[in-house]
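Taking it in order: structure first as structure tokens, then the write-up.
The values are calculated or read from the model by the stated rules, or taken from the named source; none is laboratory data. Because the structure is predicted, anything quoted here is derived from the model rather than measured. All Cβ positions, glycine included, derive from the backbone under ideal geometry; neighbour counts span all protein chains shown.
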Amino acid sequence: MEFQNHSPEGSGQAKNCQNCKKDFTIEPDDFAFYEKIKVPVPTFCSECRMQRRLLFRSERFLYKRKSDFSGKEIFSMWPQESDTKVYENSVWFSDKWDALEHGKDYDFSKPFFEQLLDLRKNVPIYALSTTLGVDSDYCNNFTALKNCYLVFSSNYSEDCMYGTGINHSKNCIDNIKVFKSENCHENFFVNSSFNVFFSAQCSDSMNIWFCKDCVGCNDCIGCIGLRNKSYYIFNKPYTKEEYQAEFQKFNFASYQAMKDFSKKVHEFWLKFPVKYMQGLKNSNVSGEYIKNSKNVLNSYLVSGGENLRYCSEINVEPVKDCYDYSVWGDKAELVYECMSCGLGVNNIKFCAECWPDFRDSEYSLFCQSSSNLFGCVGVRKKEYCILNKQYTKEEYERLKEKIIKHMKEMPYKDASGMLYSYGEFFPGIFSGVFYNNSLAHEHFPLTKTEAERKGYFWKDETKRAYVVTKKYSDLPDDIKEVPVSITSEIISCQEWEENQDIAVQHNCTEGFRILVSELEFYKKFSLPLPRRCPNCRYHERIKWRNPMKLWHRKCMKPGCNNEFETSYAPDRPEIVYCETCYNNEVA
């Protein structure tokens, strides 16, 4: 199936979103996909569908809570206050319990979602979504991490800290979306690179500082839009000897010098055009931050996708023939309206946290290595189950069709009055995640009042159990002056001291520590100590990230009439070019 960027005028079908009340269009290619997987057209627009899915993702938060099995204190992505029963992973993945013990007969006098919600609240789920981890206890949502700390939504990486979306990488600290890279610090969307610092949207490069959209470059500082260049500073060429002499003058080991230079660089970047879409090695794609992909439309942060639409955060290749799919990948195929499912999933619809090798199933949560499930929670290595009760194949098929018919005749109504029939993802009340700790809040922020009006959970600020021993303002400016004893201090967060309202929005921890291995990294690469806690540093980095939204715009190159969809809003200061004009000017 091959998608086109735009359908012929008038060939789509107009719909009105029951959530935001805005009109949206079902394109002919969309109808073809819905027919292929036998689902009705959605009643939410693509943006509202995305927001609803992301509400189910607690991406970067860990909580101390009691295990509902042993009573032990454990770390979990589910807080004690949520309506979720949680077992420690060592128990959940063992034979000490059986999800089928919670099985129930289907009741045709009640809406399907009401019955599934009751099951969701009673079946225990695992504390952390992790597999193949080694010495990475303070991480979550990962596959195969080794010796990592506070690394989330990452895969096959080693010796990393404070990262999100770190894949096949090593020795990286404070990064977002780094792929096949090593020795990276404070970057966003970096691919196949080595020794990269304070940079964004760079690939196949090494020894670069404060660079943006540079490919195949080495030994560059403060540059933008370069291709296969060496020894450049602010897009100006130098000899190797001249470059090395100039590099010493910048003194990035000084926190103040680094901050001053960063401001200067960002002002310099605005003088140069940017391409309407950021991507690498693609064919027929639209959206933002897409690489190694073909026929991927209206999608965001996708790697190795083919025939996808309305997808986001698909970081592990390959992924094929999917719509409305958020987070993960890794040999995923024929996925529709699913969240946090991966590792060989195939032909699944309306599922969350189902992995690995999960197939031919619908409306299930936290299920593993199973097939032919409908409306199940926590089921492992089973088939032909409905509401955690097992049937023969023939019984399963007959009952499933009756339930789908019943869902259409008796839809579920949520707290805000919206209807959920067959073909819609779970209502938000199924999530169990605090809205302000969810990935949805990052991209679609709501106030506490707005969130609670929709029936979502909200996490109020709690008092920290530690005492700050050193103010951020008392830290040495230069890393060379930092003593080893700093690793025993609890440092105040600059954000908390200067603007508590913003700090609360960023889930500020008020104080933070410097780990021994972290200090060694800063010393090795002559990097200043951070002044903000990991959460506030994360929110500083995502300012580099364009929003999960597209605007229709024209190329800003004088004389060009090309139009496109771009994540650069019309009121942004960047000079936005179409691909042709950009390629004609890039160095």
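One table, with the values for the structure above:
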quantity: Cβ-Cβ under 6 Å pairs, at least 6 apart or on other chains, the range 110-139 side closer than 25 Å to Lys96 by Cβ, far side among the small types (Gly, Ala, Ser); calculated: Leu116/Gly375; Val123/Ala99; Val123/Gly378; Ile125/Gly378; Ala127/Ser76; Leu132/Ala144
quantity: Leading residue by the ranking (surrounded by the fewest Cβ atoms within 10 Å (Cβ to Cβ)) among those in the range 185-221 that are at pLDDT 95 or above and among the aromatic types (Phe, Trp, Tyr); calculated: Phe194
quantity: Filter pass, Phe252 being in contact (Cβ under 8 Å) with a residue 40 or more places away in the chain, part of a loop (DSSP other than H, G, I, E, B) and farther than 30 Å from Gly304 by Cα; calculated: yes
quantity: Entirely in the range 1-119, the helices (runs of 4 or more DSSP H) that have 1 or more residues that are in contact with an Asp or Glu (Cβ under 9 Å, 6 or more places away or on another chain) and surrounded by 15 or more Cβ atoms within 10 Å (Cβ to Cβ); calculated: 28-37, 46-54
quantity: Test set (1) touching a residue at least 24 places away in the same chain (Cβ under 8 Å); (2) among the charged types (D, E, K, R); (3) surrounded by 17 or more Cβ atoms within 10 Å (Cβ to Cβ) - Lys294 fails condition number; calculated: (1)
quantity: Failed criterion for Ile429 (all others in (1) touching a Leu at 6+ places or on another chain (Cβ under 9 Å); (2) crowded, with 21+ Cβ neighbours inside 10 Å; (3) among the hydrophobic types (A, V, I, L, M, F, W, C); (4) on the phi < 0 side of the Ramachandran plot hold); calculated: (2)
quantity: Residues of the range 142-152 classified as modelled with pLDDT of 95 or more and in a strand (DSSP E or B), total; calculated: 7
quantity: Residue match in the range 173-181 (condition: outside the structural domain of Cys385 (by TED's automatic domain parsing), modelled with pLDDT of 95 or more, in a loop (DSSP other than H, G, I, E, B) and surrounded by fewer than 23 Cβ atoms within 10 Å (Cβ to Cβ)); calculated: yes
quantity: Residue in the range 500-517 that is modelled with pLDDT of 95 or more and in a helix (DSSP H, G or I) present; calculated: yes
quantity: Selection status of Tyr422, assigned to a loop (DSSP other than H, G, I, E, B), aromatic (Phe, Trp, Tyr) and over 30 Å from Gly375 (Cβ atoms); calculated: no
